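Below: one structure, written as C-alpha cells.
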Amino acid sequence: MSVLLKMTELYAPTLKEDPVDAEVASHRLMLRAGMMRRAAAGIYTFLPLGWRSVHKVERIVREEMDRIGSQEVLMPIVQPAELWQQSGRWDVYGPELARLKDRQGREFCLGPTHEEIITATVRDELRSYRQLPVSLYQVNMKFRDEIRPRFGLLRGREFIMKDAYSFHATQESLQEHYEAMATAYGRICDRLGLAWRPVEADSGQIGGKVTTEFMALAESGEAALVYCDCGWAANVEAAEAVTAYSPKAQSAQPLERVETPEVKTIAELAAFLGVDAMHTVKTMAGRTASGGLVFLCIPGHRELNELKAARVVPELELLADEDFAAFAIHRGFLGPVGAPDATLIIADRTLKAELAWTVGANEPDAHLTGAMPGRDFAIDGWADLVTAEPGDACPACGEPLLAARGIEVSQVFQLGTKYSEAMDATFMDEAGAEHPFIMGCYGVGITRSLAAVIEQHHDEYGIAWPISVAPLEVAVVPLQTGDDVVEPVAARIAQALADAGVETIIDDRSERAGVKFADADLIGWPLQVVVGKRGVADGIVELKDRTTGERSTIPVEHAAAAVIDLVKRARAAFA
Ligand code: ATP
Ligand code: MG
C-alpha cells in the first residue's frame, strides 16, 4: 500500500519548548513531536505519528510470534473477579489491580495481565495430551494502577502489552517453547534497533521460578543491573550476592556491652567504635505472615534485599517506626542477643565468616561486641539477604561485577502448574490420568519498547528513529513553497517513493527552511530529501541521514531510485 502524507494535512502538533513535567527523553520527545498527549497520569492518547510507530512495534512482534507458532487471540480487558479468586490473586494483588462493579454489583477488574482469563478459557476444551502444546498470544491494553506512573510510556497505568501463554504436557515441551520465546524476544529487540541484554530476574507477582528479563540498556532505566564480561547478568532485585568479606575476629571474644548514646545508624556506630562498617551487623525487624517478629542480620556495609528476604520469610513486612513499640524493641539498637522470645533470626550467609559480631543490645543506647553465634545467640536460618553490588564476585566466574541500568522491555516465565492447579485446568495423559497443564507466560511491553527505542535513539535535536519503527520512512522537504520548479520536482520524487512502497511525507508547508529542518529532526524522519531552488538549478537534491547526520547530493533524476535503494537496505538491516 502506498503511503504519501502531506505535512499540511498531518495532525502532529509539535511543541517548541520542553514540557515541564517530562523528565526523560522519550516522554519529552513524544510530546514535543506531537506523537501523543496525556489524558491523565500514566494514561495517553496516541496521535497519528505515535500510533503509526506503535503499529510498527506490534507488527514486528506479531511476525516473531507467528514465526514460532504462537496464535493470536484477543481477551477481554474487563475480567470477572471469580477467576482471580480462583487463582488466589484477588486478595494478594493489592491496589495496583483496578477493581470495579457492574450494575448488578458483581465484581470485576481491569486486566493487568491475563493468566486467569486464558487458563479459564482453555480449561474446558483443551483436554487431551494430543492437543498439546498450545501457545496463544494477544496484543492488548493493560491497566495497572501503578503507585508512581512516570516517564511517559515507560511506566504508564494504561499500556499496550503483547502477552503470550503456553500450555504443555511435559516440562521438556515447556522448556523448548520457553527457549523459542526467548529467541523471539531477542529478535524483537534487534529488529527494534535496541541495544539489550537478557538478565536473571525475580518473578514478582506472576509466580514461577525460571524467568529472564530483556533489558534495553539506558541510563534512564529504572532497573539496576549487574553484569560480567563472561556473559552473566542479573537484575539486582534477583542477583545472587557473592560479597567479599574479611572477618574481624580470628578467635573467641568476650561478650561486652558498650554504651552508645544516640548512636543509631551503622555509620555512627562504625565511627564511634573506630571499625569498618563491614565489621558491624545491621539488624532489621519485620513481621512474619503469622504476625511474629523476625530479625534480619546483614553485614553493616550492605543493603537488605527485601525480595530475597521475602523468599525466606513469606509475606515479610518490614516494621514501620510506629510498630517498634508494640514489640517493645528499640530502633537503632536491635541485635540477635536478647531478642524478644520467639523472634525468628535469619542472617546473611556472608556473616558465617565472622566469629564475633558487633550488634545492638536490644536496649536503648547500647551495643554488644564479641557476640558469638552458637554461644550468645542462635541463628534460625542463613540466606543470601543482601542486594548485589558492582565489585561483588560474578556468581558464574568470580570476576568483579559491573553495573548498568536498563529498561525491562520484556520478560519470559516458566509458570509450572501454579495457575492450572489453582484453577483446576487439567488434561488427560495417554493412560487417561489427569494432570494440571504445565504453563509458560511471556510479555513484551509494546509501548514501553517504543519509548526505550527513543531513549537509545535521540540527540539534542530530536528523535533519530531506526527505520523499522519510524512513523514514516522518508520526508521530502521542498525549501521554497509555491516555486514552480521546486514544487513539481519534490512532488514527483515523493510520488515515485510512495509508488515504490516507501512511506513518504512531503513537507508542503509554507514555512521557513529552518522550521522545516527543525521539525524534520525533531520528529526524526530517517531519510530526508531536501529539494531547493539552487540545487535543482544544478540538477541535484540533498539527502540527509538523520541517524548519522551525513548529507550527500544526488542528481534529481536518480533521487527516487537512490532513496528507494537506501530504504530497502535500511529495512533489511532490521528484517
Ligand atoms: P515492572 O517491573 O517494570 O513494573 P513488570 O515486571 O511488572 O514490570 P510484567 O508483568 O513482566 O511487568 O509485564 C510484561 C511487560 O509489560 C514488561 O516487561 C514491560 O515491558 C511491560 N510493562 C509492565 N508494566 C508496565 C507499565 N507500567 N508501563 C508500561 N509497560 C509496562
Ligand atoms: Mg516483568
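The table below lists the values:
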quantity: Candidate set: the range 540-575, residues that are over 18 Å from Val477 (Cβ atoms) and assigned to a loop (DSSP other than H, G, I, E, B); chosen: the one least open to solvent (accessible area, probe 1.4 Å); calculated: Phe574
quantity: The range 313-323, residues that are part of a loop (DSSP other than H, G, I, E, B) and either surrounded by 10 or more Cβ atoms within 10 Å (Cβ to Cβ) or polar (S, T, N, Q) (or both); calculated: Val313, Glu315, Leu316, Leu319
quantity: Among residues of the range 209-218, those that are away from ligand 1 (no atom under 14 Å from the Cβ) and at pLDDT 95 or above, counted; calculated: 1
quantity: Breaking point among (1) over 27 Å from Leu15 (Cβ atoms); (2) of a type in the set (A, V, I, L, M); (3) open to solvent by less than 20 Å² (accessible area, probe 1.4 Å); (4) in a helix (DSSP H, G or I), for Ala490; calculated: (1)
quantity: Residue check for Leu293: open to solvent by 30 Å² or more (accessible area, probe 1.4 Å) and of a type in the set (A, V, I, L, M, F, W, C); calculated: no
quantity: Test: residue in the range 324-346 that is part of a strand (DSSP E or B), open to solvent by 20 Å² or more (accessible area, probe 1.4 Å) and away from ligand 1 (no atom under 16 Å from the Cβ); calculated: yes
quantity: Matching strands (runs of 3 or more DSSP E) fully within the range 105-183 where at least 1 residues are away from ligand 2 (no atom under 16 Å from the Cβ), of a type in the set (A, V, I, L, M) and open to solvent by less than 50 Å² (accessible area, probe 1.4 Å); calculated: 107-110, 134-143
quantity: Matching option when the condition is open to solvent by less than 60 Å² (accessible area, probe 1.4 Å), in a loop (DSSP other than H, G, I, E, B) and more than 14 Å from ligand 2 (Cβ to nearest atom), among Gly231, Gly221, Gly186; calculated: Gly231
quantity: Residue within the range 244-251 that is open to solvent by less than 50 Å² (accessible area, probe 1.4 Å) and within 20 Å of the chain's Cα centre (by Cα) present; calculated: no
quantity: Filtered residues of the range 5-27 (kept if open to solvent by 60 Å² or more (accessible area, probe 1.4 Å) and either farther than 26 Å from Glu219 by Cα or of a type outside the set (A, V, I, L, M, F, W, C) (or both)); calculated: Lys6, Thr8, Glu9, Tyr11, Lys16, Glu17, Asp18, Asp21, Glu23
quantity: Filter pass, Glu237 being acidic (Asp, Glu), part of a loop (DSSP other than H, G, I, E, B) and within 16 Å of ligand 1 (Cβ to nearest atom); calculated: yes
quantity: Odd one out for Ala289, checked against (1) part of a loop (DSSP other than H, G, I, E, B); (2) among the small types (Gly, Ala, Ser); (3) farther than 30 Å from Glu213 by Cβ; calculated: (3)
quantity: Unique match (being open to solvent by 10 Å² or more (accessible area, probe 1.4 Å), in a strand (DSSP E or B) and in contact (Cβ under 8 Å) with a residue 12 or more places away in the chain) among Thr350, Thr358; calculated: Thr358
quantity: Close pairs from the range 136-158: first farther than 19 Å from Ala223 by Cα, partner more than 10 Å from ligand 1 (Cβ to nearest atom) and of a type in the set (Asp, Glu), Cβ under 9 Å, at least 6 apart; calculated: Leu136/Glu72; Tyr137/Glu72; Gln138/Glu72; Val139/Glu58; Val139/Glu72
quantity: Counted residues, the range 446-474 - those being open to solvent by less than 10 Å² (accessible area, probe 1.4 Å) and either farther than 26 Å from Val61 by Cβ or polar (S, T, N, Q) (or both); calculated: 2
quantity: Near pairs, Cβ below 9 angstrom, 6+ apart or cross-chain, from the range 432-455 (within 25 Å of Asp124 (Cα to Cα) and of a type in the set (D, E, K, R)) to any residue that is assigned to a strand (DSSP E or B) and more than 10 Å from ligand 1 (Cβ to nearest atom); calculated: Glu434/Thr426; Glu434/Phe427; Glu434/Met428
quantity: Single residue of Glu64, Glu82, Glu72 found to be open to solvent by less than 50 Å² (accessible area, probe 1.4 Å) and charged (D, E, K, R); calculated: Glu64
quantity: Residue in the range 209-216 that is open to solvent by less than 30 Å² (accessible area, probe 1.4 Å), within 16 Å of ligand 2 (Cβ to nearest atom), assigned to a helix (DSSP H, G or I) and closer than 27 Å to Ala570 by Cα present; calculated: no
quantity: Any hit, the range 363-372, residues being crowded, with 18+ Cβ neighbours inside 10 Å, modelled with pLDDT of 95 or more and farther than 28 Å from Glu256 by Cβ; calculated: no
quantity: Residues of the range 391-431 classified as open to solvent by 40 Å² or more (accessible area, probe 1.4 Å) and within 16 Å of ligand 1 (Cβ to nearest atom), total; calculated: 3
quantity: Some residue of the range 447-467 being part of a loop (DSSP other than H, G, I, E, B), farther than 28 Å from Gly221 by Cα and either under 39 Å from the mean Cα position of the chain (by Cα) or among the aromatic types (Phe, Trp, Tyr) (or both); calculated: no
quantity: Cβ-Cβ under 9 Å pairs, at least 6 apart or on other chains, the range 92-111 side without any contact (Cβ under 8 Å) to a residue 60 or more places away in the chain, far side of a type in the set (Ser, Thr, Tyr) and part of a loop (DSSP other than H, G, I, E, B); calculated: Cys109/Tyr93
quantity: Considering residues of the range 432-445 that are within 8 Å of ligand 1 (Cβ to nearest atom) and either touching an Asp or Glu at 6+ places or on another chain (Cβ under 7 Å) or open to solvent by 10 Å² or more (accessible area, probe 1.4 Å) (or both) only, the residue farthest from Tyr44 (Cα to Cα); calculated: Gly443
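The values are calculated or read from the model by the stated rules, or taken from the named source; none is laboratory data. The model shown is predicted, which means the values in this text are computed figures rather than measured ones. Cβ: placed from backbone, ideal geometry, glycine included. Neighbour counts: every protein chain shown. The accessibility values were calculated without ligands, DNA or RNA, using every heavy atom of the protein model including side chains. Shrake-Rupley method; radii C 1.70, N 1.55, O 1.52, S 1.80 Å.
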